[in-house]
1. What does the charge count around GLN54 come to, taking other residues whose C-beta lies under 10 Å from its C-beta (Lys +1, Arg +1, Asp -1, Glu -1)?
2. So what are the ³J(HN,Hα) numbers for segment 130-146, from phi and the Karplus equation (6.51, -1.76, 1.60; θ = phi - 60°), rounded to whole Hz, Gly and Pro as x?
3. Which order do SER160, SER43 fall in if you start with the one that has the fewest other Cβ atoms within 10 Å?
4. Would segment 42-167 count as rounded, prolate or oblate if I go by the C-alpha gyration tensor, calling it rounded below 1.5 in a/c and otherwise prolate when a/b exceeds b/c, oblate otherwise?
Amino acid sequence: MYKTFKIALVGNVLVGKTSISKCFCTNKFNDFNSSTIVASFFSKIIKYKNNKIQLHIWDTAGQDRFNSLLPLYLRNLDAVIFVFDLTNINSLRNIKNYWINLVNKYVHNNCKYFLIGNKIDIMNKSDEIYIQNIVDNEINMKLFKVSAKTSEGIHDFFYSIINELDTINIYDSYIQKKNCCLIS
């Protein structure tokens, strides 16, 4: 039996959501990914702390015309990964001004949010402080920087998500078991 965590990647078109998912699940990168139509699904089973954990990863389309279908993929999520392109500041601003508000409408309160900046391999280093200031002052999530092309940071990022979700899951299970037998 596996512990299963459901995760969705959201963000603008061409920020690298599909490339991140493929890099983590298959260890492959394709320079010529086409834009995702509606959503793609990836699954990966990993061994973590002597347990097998299955990740269900929904790679959602970034085009506005598919946003009416987004609620289907956001139901019962354990985590949302907001993805932006480190070479495109507008994709970061859209996380703050659009994607977070949209996602908040459809996920439950226990869903965890993560922020990932892709394309660190081609990022202009002079933008690093500016990006970090926007994240710290306006988005208030821990920023992970990765490259789907070189795989830099991808596996570390997903393992940090698993660690956080697994810790929460163990705690919630303990609380549920503890509270099941209370007599008032």
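Each reported figure results from applying straightforward, stated rules to the coordinates on display, with no laboratory input. Computed from a prediction, not measured in an experiment: that's the story for all the values here. Don't worry about glycine lacking a Cβ; one is built from the backbone with ideal geometry, like all the others, and counts go over all protein chains shown.
1. +4
2. Working through the residues one at a time gives 4, 4, 4, 5, 4, 4, 5, 8, 10, 10, 6, 10, 5, 9, 10, 10, 9 Hz.
3. SER43, SER160
4. Cα axes put segment 42-167 in the oblate bin.
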